[in-house]
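Structure, as structure tokens:
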Amino acid sequence: MSLASHQERLYTVIKGPHLSEKAHAASEDNQVVLKVRTDATKKEVAQAVELLFEVKVESVQVVNVKGKTKRFQQTQGRRSNWKKAYVKLADGTAIEELFGSE
């Protein structure tokens with residue numbers, strides 16, 4: 001994979017922030033919770049965060065979230081599976097664009 005195509009892929013790895021009570025609690029430990037592509041690896045997530053937000057990443061933990069089964073009257077549906085990443089940032093760094101200055 002060429003450098004240009006690899007960098008293009010890194011721009012598509014992060015889908016957005018995952019906002020929840022647990023994510024807010026994790027932000028106090030200098031962690032950020034992100035929704036990422038289902039085929040993204042820990043290394044790609046770390047590289048994408050460093051590229052997009054210009055911060056230093058210490059570690060990444062990835063969780064596959066199973067989609068829930070839902071009923072719509074007589075029809076049964078299913079939400080999509082998705083992946084989230086807990087990204088631990090180096091001390092003294094923060095991402096203000098996602099959560100504002102807390």
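The values are calculated or read from the model by the stated rules, or taken from the named source; none is laboratory data. Bear in mind that the values here come from a model prediction, so they are computed numbers and not experimental data. Please note: Cβ atoms are built from the backbone with ideal geometry, for glycine as well, and neighbour counts cover all protein chains shown. Protein only, heavy atoms only, side chains kept; ligands, DNA and RNA dropped before computing areas. Shrake-Rupley method; radii C 1.70, N 1.55, O 1.52, S 1.80 Å.
Details
- Taking first residues from segment 11-30 that are without any contact (Cβ under 8 Å) to a residue 40 or more places away in the chain and partners that are of a type in the set (S, T, N, Q) and assigned to a helix (DSSP H, G or I), the Cβ contacts under 9 Å between residues at least 6 apart in sequence or on separate chains come to 13/47.
- Residues within segment 81-97 that are out of contact with any Asp or Glu (no Cβ under 9 Å at 6 or more places or on another chain), surrounded by fewer than 13 Cβ atoms within 10 Å (Cβ to Cβ) and in contact (Cβ under 8 Å) with a residue 60 or more places away in the chain, tallied: 0
- Residue check, residue 29 open to solvent by 70 Å² or more (accessible area, probe 1.4 Å), out of contact with any helix residue (DSSP H, G or I) (no Cβ under 8 Å at 6 or more places or on another chain) and under 15 Å from residue 6 (Cα atoms): no
- Flag if residue 85 is within 28 Å of residue 4 (Cβ to Cβ) and assigned to a strand (DSSP E or B): yes
- Residue match in segment 39-50 (condition: in contact (Cβ under 8 Å) with a residue 24 or more places away in the chain and open to solvent by 80 Å² or more (accessible area, probe 1.4 Å)): yes
- Index of the failed condition, residue 53 passing every other in (1) open to solvent by 70 Å² or more (accessible area, probe 1.4 Å); (2) touching a residue at least 24 places away in the same chain (Cβ under 8 Å); (3) within 23 Å of residue 4 (Cα to Cα): (1)
- Take the conditions (1) touching a residue at least 12 places away in the same chain (Cβ under 8 Å); (2) open to solvent by 60 Å² or more (accessible area, probe 1.4 Å); (3) on the phi > 0 side of the Ramachandran plot; residue 73 misses just one of them, which is (1).
- Residue that is nearest to the chain's Cα centre (by Cα) [pool: residues in segment 20-33 that are among the hydrophobic types (A, V, I, L, M, F, W, C) and under 14 Å from residue 96 (Cα atoms)]: 33
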